[in-house]
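A.B. asks: Supplied in structure tokens, the structure appears directly below.
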Amino acid sequence: MKNELFSAIVVSKNADTQEVQSELKRISFDDLSEGDVIVKIAYSSLNYKDVLAFQSNAGVIRRYPMIPGVDFCGVVVETSNQQFKVGDKVLCTGYDVGVSHTGGLAEYARVPAKWLIKLEQDTLLEYVMSLGTAGLTAALSVNEIILAGAKKDSEILVTGITGGVGSIVVAILKKLKMENISVLVRNKEQRDSYSNKFEHIYVRKELETKKAMTHQKFDYVMDCVGGVVLENLLPWISYRGVVTTCGNIAGNYLNISILPFILRGIRLIGIDSVNITLEEKKNMWQQLLTDWNIAGTFSVGKLSLDEVEYAVKNWGKVRNKGRIIISIPDIKKC
Ligand SMILES: NC(=O)c1ccc[n+]([C@@H]2O[C@H](COP(=O)([O-])OP(=O)(O)OC[C@H]3O[C@@H](n4cnc5c(N)ncnc54)[C@H](OP(=O)(O)O)[C@@H]3O)[C@@H](O)[C@H]2O)c1
């Protein structure tokens, strides 16, 4: 195996122009980052962060050349760590993977054992990666509102529902039989395409306000986009309500009033799925594979490695209401 060549997507930065280029190419095991476990990858996925990895100046990749792909699952093919054996099904999300440590958009990955979650042998790898980083992030967000006291009849608003994290948040909330799920979409066309699926579908403009506080509409907001979208939601949060925030796709900064925090006691909870402990990840995955199993209840598209470059260039169109997984069977040439 050591001399074998295999396929991987490699992004590199041109030293003169600083432009980032990507290429599907044959590489060797010497090109992989260090680790004590080698995994034959079955599936990776495309998250917004992976899309950024292909862009110049996005600041996601910390070392070039790099194999992007912040998550993957597959089967152990070589290990010097006693906790794993050849044939184990494993999952990896976050930490340095696909950022400064070669990632999941390849036939093989080599990673430290401390980043890997061992899966039961009967676990469906396709389901695991249909969740991936997005599913873990969504589960962590839902977990926070449950810990905060969310009930079946709580008024809940979700943003970013046409994307990976948001669509899975909705799927988990429905699995939990939450009765009052509202969503926020970009425009009327999106509202029409989701009609009859939610209690209320708000178009972003409808919730824009210059007031520091207005009607108390939502007990919980699960925000996946940040920026001005999140700014506009804080005035609508009910007394002692909770907002989770995991994304910055609509902007990194908030220009907000302190009043909802000190007069209504609202709370804003940040979600990180990348650097939490492996133990915390395992707990959430256990939940996603058992009580919160949402297989088949959210949209998942499947692509191959040679379709990735097109997909990241046409992300909004390709993503189409949910998740994109990358199926990686043995590829002998590219
Ligand atoms: N904290 C963490 O650990 C963590 C983990 C995973 C993801 N994230 C973050 O979570 C966010 C969502 O990730 P994802 O993988 O689900 O992305 P995604 O699949 O690309 O979905 C993005 C969602 O954001 C919406 N959106 C895009 N631009 C927007 C804008 N300017 N204003 C309002 N909404 C906008 C999209 O709506 P349209 O369809 O209308 O474009 C879509 O619903 C990203 O910021 C990502 O970096 C964070």
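A.B. asks: A 25 angstrom limit on the alpha carbon distance is what I want to check against. Which of 2/282; 13/49; 175/302; 175/205; 25/114; 197/217 exceed it?
C.D. replies: 2/282; 175/205; 25/114
A.B. asks: Just add up the charged neighbours of residue 255: K/R +1, D/E -1, any other residue whose Cβ is under 12 Å from the Cβ of residue 255.
C.D. replies: With Lys, Arg at +1 and Asp, Glu at -1, the neighbours total 0.
A.B. asks: How big is the gap, in Å, between the Cα center of the range 34-101 and the Cα center of the range 308-322?
C.D. replies: 20
A.B. asks: Shifting gears a bit: For the range 238-282, what class follows from the C-alpha gyration tensor (a ≥ b ≥ c being the square roots of its eigenvalues): rounded when a/c is under 1.5, otherwise prolate if a/b is larger than b/c, else oblate?
C.D. replies: Numbers: a/c = 3.63, a/b = 1.64, b/c = 2.21.
Judged from the Cα gyration tensor, the range 238-282 comes out oblate (a/c at least 1.5, b/c at or above a/b).
A.B. asks: Find out how many positive minus negative residues lie around residue 281, taking Lys and Arg as positive, Asp and Glu as negative, among other residues whose Cβ is under 14 Å from that of residue 281.
C.D. replies: -1
A.B. asks: What are the residues whose amide H is under 5 Å from the amide H of residue 267, where those residues sit 5 or more places off or on another chain and H is modelled from the backbone?
C.D. replies: 241, 242, 243
A.B. asks: Given H placed on each backbone N at 1.01 Å, which residues far from residue 103 in sequence or on other chains put an amide H within less than 5 Å of it?
C.D. replies: Hits under the 5 Å cutoff: 67, 98.
A.B. asks: The range 124-209: which GluC sites (Glu not before Pro) are DSSP loop and have at most 16 other beta-carbon atoms within 10 angstrom? Walk me through the numbers before you get to the answer.
C.D. replies: Working: sites: 126, 144, 155, 179, 189, 199, 206, 208; in loops: 179, 199, 208.
Of the GluC sites (Glu not before Pro), the ones in loops of the range 124-209 whose Cβ has at most 16 other Cβ atoms within 10 Å are 179, 199, 208.
A.B. asks: Oh, and also: Taking H placed 1.01 Å from N in the peptide plane, check which residues at least 5 places from residue 78 or on another chain put their amide H under 5 Å from its amide H.
C.D. replies: Amide H to amide H, under 5 Å and 5 or more residues apart or across chains, residue 78 pairs with 38.
A.B. asks: From the phi angles alone, apply the Karplus equation (6.51, -1.76, 1.60; θ = phi - 60°) to the range 105-113 and give each ³J(HN,Hα) in whole Hz, x where the residue is Gly or Pro.
C.D. replies: So the Karplus estimates, Gly and Pro as x, are 8, 7, 6, 9, 10, 10, 9, x, 4 Hz.
A.B. asks: Right, another one. Please go through the range 1-48 and write out the trypsin sites (Lys or Arg not before Pro) that DSSP classes as loop and that have at most 10 other C-beta atoms within 10 Å.
C.D. replies: Of the trypsin sites (Lys or Arg not before Pro), the ones in loops of the range 1-48 whose Cβ has at most 10 other Cβ atoms within 10 Å are 2.
A.B. asks: For 22, 100, what's the fewest-to-most ordering of other Cβ within 10 Å of each Cβ?
C.D. replies: 100, 22
A.B. asks: Quick check: from the Cα gyration tensor, does the range 133-270 come out rounded (a/c under 1.5), prolate or oblate? Walk me through the numbers before you get to the answer.
C.D. replies: On the way: a/c = 1.35, a/b = 1.17, b/c = 1.16.
It is rounded, given that a/c, with a ≥ b ≥ c, falls under 1.5.
A.B. asks: Right, something else. In the range 1-39, what GluC sites (Glu not before Pro) fall in a loop by DSSP, with at most 13 other Cβ atoms inside 10 Å? Can you show the working numbers first?
C.D. replies: Numbers: sites: 4, 19, 23, 34; in loops: 4, 19, 34.
Those satisfying the criteria are 4, 19, 34.
A.B. asks: Run the numbers on the chain and let me know its relative contact order in percent, using alpha-carbon pairs under 8 Å that are six or more apart.
C.D. replies: The value is 18 percent.
A.B. asks: With θ taken as phi - 60° and the coefficients 6.51, -1.76 and 1.60, list the Karplus ³J(HN,Hα) couplings across the range 233-244 in order, rounded to whole Hz; mark glycine and proline as x.
C.D. replies: Coupling constants for the range 233-244: 8, 4, x, 9, 7, 5, 3, 6, x, 10, 10, 9 Hz.
A.B. asks: Figure the gain on full extension for residue 193 and residue 303 (residue separation times 0.36 nm, minus the Cα-Cα span) and round it to one decimal in nm. Kindly include the intermediate steps, with their values, before the conclusion.
C.D. replies: Working: separation 110, 0.36 × 110 = 39.60 nm, distance 2.36 nm.
Using 0.36 nm per residue and subtracting the Cα-Cα distance, I get 37.2 nm.
A.B. asks: Within a Cβ distance under 14 Å of residue 209, other residues only, what is the Lys/Arg minus Asp/Glu net charge?
C.D. replies: Result for the local shell: +2.
A.B. asks: If you count the DSSP beta bridges with both ends in the chain, what percent of them are antiparallel, to the nearest 5?
C.D. replies: 55
A.B. asks: Once you've got the GNM for the chain with C-alpha springs shorter than 10 Å, pick whichever of 134, 311, 53 has the biggest mean-square fluctuation.
C.D. replies: Ranking 134, 311, 53 by mean-square fluctuation puts 311 first.
A.B. asks: With θ set to phi - 60° and the Karplus curve 6.51 cos²θ - 1.76 cosθ + 1.60, what are the ³J(HN,Hα) couplings of the range 268-273 in order, to the nearest whole Hz, using x for Gly and Pro?
C.D. replies: Once θ is set to phi - 60°, the couplings for the range 268-273 become 10, 10, x, 10, 10, 9 Hz.
None of the figures in this text is laboratory data; all of them are computed from the coordinates on show. All values reported here derive from a predicted model rather than from experimental measurement. Positions of Cβ are generated from backbone atoms using ideal geometry, with glycine treated the same way; all protein chains shown enter the neighbour counts.
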